[in-house]
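What follows is a short report on a single structure.
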Amino acid sequence: MHGPARNDPTAPSPLAGFTVGVTAARRADELGALLERRGATVLHAPALRIVPLADDSELLDATKQLIDHAPDVVVATTAIGFRGWIEAADGWGYGDALLRCLRGVELLARGPKVKGAVRAAGLTEEWSPSSESMAEVLDRLLGEGVEGRRVALQLHGEPLPGFVEALRAGGAEVVMVPVYRWLPPEDLTPVDRLLDAVVGRGVDALTFTSAPAAASLLARAAERGMTDELLAVLRHDVLTACVGPVTALPLQSLGIDTVQPERFRLGPLVQVLCRELPGRARALTVAGHRVEIRGHAVLVDDELRAVPPAGMSLLGALARRPGWVVARAELLRALPGAGSDEHAVESAMARLRTALGTPKLIQTVVKRGYRLAIDPSSGSKYAG
């Protein structure tokens, strides 16, 4: 929890008024809860689904590689995945060789279920956290030091947020043991809804916890002919936040700037958003009030006011030229799907003033248009 929110219960949450897109398949509930706790509206669309490997060729290659060149550490992450790996190796005739390899390394098991699968295979884990937390496994590995060590990681679907990045940053060589494959989701409706929201600037930030999820979202945009629109928005309007540098690669290769935490975990990822999004919000002094324009809401003197989308469009147009008169015709163009009737501007403006709760923030300039009532003392240039 952040200081201001804890000391002042009336202070706005850092992400209040912002909409954040979540593309994760695994741990999406955890990430969504962290974001909502800080005030964000969350739009979740898993960009992947996780299925067992169909042909097992990648798993076979990884298994032979480990048997030929034993790692220093093996991390078993799921019981079903670990059992599937041992059974697949048995089927290829490599079962005994794999077990001999695993007996000679430091074997870490993520929690009691995995520990049971390890022991059922006739092996003994070196250590297992009672919390079933991969963060605790990572802390142990980094505490021991991984410089120059070879770490085999039995993947359990979507890559663990930041786990591989943190090990590589510590100097480890990481060998992936892929027991699953990532495919596009069977139901593409949530992904399409998220893409539409991003392109329509209805999302303020988009989060990624794996490179496959980023690649999958980009591939779906290409299928829909939306690539150019999506890239333009991600380069200029929507904040793209990744859990670590490996996750960011598919986006950065297309010229999309990303932000990421120093520690490659979900908690620090949310903290980056708490810092970056309010910093991008437009803050103005209007008619003696502090007005901060956020994604789908406005802070007026630190009170969060929900504003309809049409009102946000009008407010954005006025804030681009604070204090200057903006003509009705120009405001009409800013209204999505308003047609040619300037009365739509008057109706939307009335609703905006009501939503803001302080009608004097926006002045009507007869026969000309509207302007924000910027204080001359604030230093903003304005024209009547």
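The values are calculated or read from the model by the stated rules, or taken from the named source; none is laboratory data. Keep in mind that this is a model prediction, so the values were computed, not measured. When we count neighbours, we look across all protein chains shown, and the Cβ atoms used for this are built from the backbone with ideal geometry, even at glycine. Just so you know, the surface numbers come from the protein's heavy atoms only, side chains and all, with ligands and any DNA or RNA stripped out. Shrake-Rupley method; radii C 1.70, N 1.55, O 1.52, S 1.80 Å.
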For a quick check: with amide H placed at 1.01 Å from N, whose amide H comes under 5 Å from LEU155's, ignoring anything fewer than 5 positions away on the same chain? VAL177, VAL179
Under a Gaussian network model of the chain whose springs join Cα atoms within less than 10 Å, the largest fluctuation of GLY111, GLY311, GLY369 belongs to GLY369
For LYS64, list the aspartates and glutamates whose Cα falls under 14 Å from its own Cα; do not include residues on the same chain fewer than 8 positions away. ASP56, ASP90, ASP96
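Tally Lys/Arg at +1 and Asp/Glu at -1 over every other residue whose Cβ is under 15 Å from the Cβ of GLY255; what's the total?
Working: positive: ARG235; negative: ASP228, GLU229, ASP237, ASP257.
With Lys, Arg at +1 and Asp, Glu at -1, the net is -3.
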So what's the range 246-384 giving for Cα Rg divided by 2.2 N^0.38 Å, two decimals? 1.26
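Which length gain, in nm to one decimal place, applies between GLU36 and ARG103 when the Cα-Cα distance is subtracted from 0.36 nm times their residue separation?
Working: separation 67, 0.36 × 67 = 24.12 nm, distance 4.41 nm.
Using 0.36 nm per residue and subtracting the Cα-Cα distance, I get 19.7 nm.
Mind checking the full-extension length gain between ILE67 and ARG290? Use 0.36 nm per residue of separation minus the Cα-Cα distance, one decimal, nm.
Values: separation 223, 0.36 × 223 = 80.28 nm, distance 6.47 nm.
Gain in length upon complete extension: 73.8 nm.
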Cα radius of gyration and Dmax for the range 4-157 (Å): 19.8, 65
Which value, in debye to the nearest 20, describes the size of the charge dipole of the chain about its Cα centre when Lys and Arg Cβ atoms bear +1, Asp and Glu Cβ atoms bear -1, and nothing else is charged? 1600
Probe 1.4 Å, heavy atoms of protein chains only: per residue, the accessible area of the chain in Å² is 46
How much of ARG201 can a 1.4 Å solvent probe reach, expressed as accessible area in Å² and rounded to 10? 130
Counting only protein heavy atoms, what percent of the accessible surface of the range 267-358 is carbon or sulfur at a 1.4 Å probe? 50
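Let me have the relative contact order for the chain, percent, based on Cα pairs under 8 Å that are six or more residues apart.
On the way: 702 pairs, mean separation 60.0, N = 384.
16 percent.
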If the chain between ASP139 and THR354 were fully extended at 0.36 nm per residue, the gain over the current Cα-Cα distance would be 72.3 nm
Directionally averaged shadow of the chain, computed from the convex hull of its alpha-carbon atoms, nm²: 22.3
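Provide the net charge surrounding ALA121, with neighbours chosen by a C-beta distance below 14 Å and charges set as Lys +1, Arg +1, Asp -1, Glu -1.
Values: positive: ARG83, ARG100, ARG103, LYS113, LYS115, ARG119; negative: GLU87, ASP90, ASP96, GLU125.
Net of charged neighbours comes to +2.
Taking K and R as +1 and D and E as -1, what net charge do the other residues with C-beta under 11 Å from the C-beta of ARG328 add up to?
Numbers: positive: ARG333, LYS367, ARG368; negative: GLU330, ASP341, GLU342, GLU346.
So the environment of ARG328 carries a net charge of -1.
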Please report the Cα spread of the range 178-333 along all three principal axes, rounded to whole Å, starting with the longest. 61, 35, 27
